[in-house]
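Any read-out appearing in this document is the output of simple, stated calculations on the displayed coordinates, not a laboratory observation. Predicted, not measured: the structure shown is a model, and the values here were computed from it. Glycine gets a Cβ as well: all are built from the backbone with ideal geometry, and neighbour counts include every protein chain shown.
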Amino acid sequence: MKATMGRHRCMETEWQEGQVHESGRPLSGRDPGRGVTASIVARKRRNGRGAKGRREVEDGMDRRTEEELAAVSAETKQARDIRARWNWVEPEVWTDRMLTALEQGVKGGQWFSLMDKVYSAGNLRQAFRGVQANGGSAGVDHETVEMFARHEEANLEKISRALRRNEYEPAAVKRVWIPKPGSKEKRPLGIPTVRDRVVQAALRHVLEPIFERDFAEHSYGFRPNRGCKDALRRVDDLLHQGYTWVVDADLKSYFDTIPQEELMARVAGKVSDGRVLQLVQSYLRQGVLEEAKYWTPEQGTPQGGVISPLLSNIYLDPLDHYMAAREIEMVRYADDFVLLCRTESQAQTALAEVQRWTAQAELALHPGKTRIVDATQRGGFEFLGYHFERGMKWPRAKSLAKFKTTVRHHTRRHNRNSLPMILSQLNRSLTGWFQYFQHSHKTTFPLLDSWIRMRLRSVLRCRQGRRGGGRGFDHSRWTNAFFAEQGLFSLCAAHASVRQSLCKVTR
């Protein structure tokens, strides 16, 4: 009995000390600061002892709890659904609350106070992970990714401190010239320092979702969860629907001619954080170092920068919406795009519209590469490495030339590697190329397979001290079955397998 009474006193004392409901309200119904007396607390507890009194209290608490749990569950489900739709964003930056605001829209369409998200330790750390995965050469400071990684935390803290104090200034971009695929021409490529690539990646983590929310559906280049194959699939669908008159457009030196003031105005249309805008501006005005020459560009964005693809999409996004408003079917991948129409007159109108827009945007269409074609006739058009013509498609000439250059590299006649080693290296290139061009017309692959085997026969022939390419009796000595047994990847066999799988799916 004494033990029971003692427990009751302890319970009453605990109640007196101010138990509260999970909502934050005192269960006594009185302000705890006013000093509830023990007698009142005890009386309220005894009032709940009766069958009816206790049931009313418990029913009231149950109803409140159920309503609150339902609200929490609905909110959690909503956050989970939103997170699933934006599964590519950087979680170190984009919290559930920010994603909800992103979907619902912020007041005035303007985002403030973003700079602290850029220089946060977690964001910079994830940005470096991306830079590290991409690799790449050192910039003008000669610091490689490996060198940066040796003192990663110290380097990231230094970057964060400089951004926080508004003391960060990007270094010059090292400019190199690389050959264009399948061409003797070269194009410029800017290589920022590793430090600058990290900051650009962190900046992209913050800005990309803001603009991605409103990007047009028919834009596919440098966007999350989209790629060349999606763009090619859309072109294929439109051609089969009868949109066979095509405006094959080409923007002349697009990345080097983007007007910087107009670009900054479009960025400022959604971002009001002055320090973030200043950071974007600093990359546009970033100096360029080419051998012993140094200059500051007055227009364009440096190709090779992490932030450049996003900026290029921001500038061309109004073109996407402009054409969509005029019901012109457009498929764009970065600065490469085609307009697909049902008739020649519609194609002429579409070309006039895009010429009007580009002139206002201070851009220019390449006069020698922009044309109107009938895709049902000989000649066709090219887009993203493919040649489209008369309801078929195959690798364009430049793509084939690049592919053959790669094969020649692996099958040099005086290659001293063993045949299994040669085939292992060659197969990686063949597999990757086929993954992209597997939808080519079936006549594409037999000739390529035959040419590749000829290259390999030449290697084996050379090892026997004989000159010339693999021909004649070599076909009997090293048969097609021989290379198949050695594990050579066959483009024909792979294509047949893909077609068989598609047939099973469509049955």
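Spin-label point model (7 Å from Cα, Cβ direction): what's the residue 364 to residue 253 distance in nm?
For the pair residue 364/residue 253, the computed spacing is 0.8 nm.
Kindly provide the GluC sites (Glu not before Pro) of segment 278-332 that DSSP labels as loop, not H, G, I, E or B, and whose Cβ sees at most 16 other Cβ atoms within 10 Å.
Here the sparse-neighbourhood loop sites are 291, 298, 327.
Could you tell me the center-to-center distance, by alpha carbons, between segment 239-253 and segment 466-507 in angstrom?
Computed from Cα coordinates, the inter-centre distance equals 35 Å.
How large is the convex hull of the Cα atoms of segment 342-433 per residue, expressed in Å³ as a whole number?
So the per-residue hull volume is 156 Å³.
Taking θ = phi - 60°, what integer Hz values does the Karplus form 6.51 cos²θ - 1.76 cosθ + 1.60 yield along segment 373-383, in sequence order, with x for Gly and Pro?
10, 9, 5, 8, 10, 4, x, x, 8, 10, 7
What list of ³J(HN,Hα) values in whole Hz, one per residue of segment 234-242 in order, does the Karplus curve 6.51 cos²θ - 1.76 cosθ + 1.60 (θ = phi - 60°) give from phi, with Gly and Pro shown as x?
Rounded to whole hertz, the list is 5, 4, 4, 4, 5, 4, 6, 7, x.
Quote the convex hull volume per residue of segment 289-408, based on C-alpha atoms, as a whole number of Å³.
162
Using a ≥ b ≥ c from the Cα gyration tensor of segment 405-479 (square roots of the eigenvalues), is it rounded, prolate or oblate, where a/c under 1.5 gives rounded and otherwise the larger of a/b and b/c decides, a/b for prolate?
Cα axes put segment 405-479 in the oblate bin.
Taking segment 89-195, which trypsin sites (Lys or Arg not before Pro) meet the DSSP loop condition and have no more than 16 other C-beta atoms within 10 Å?
Passing both the DSSP loop test and the Cβ count: 165, 184.
Could you give the length gained on full extension between residue 376 and residue 137, defined as 0.36 nm per residue of separation minus the Cα-Cα distance, in nm?
Contour length minus Cα-Cα distance gives 81.6 nm.
So for segment 387-507, averaging the separation of alpha carbon pairs under 8 Å that are six or more residues apart and normalising by length, what relative contact order in percent results?
28
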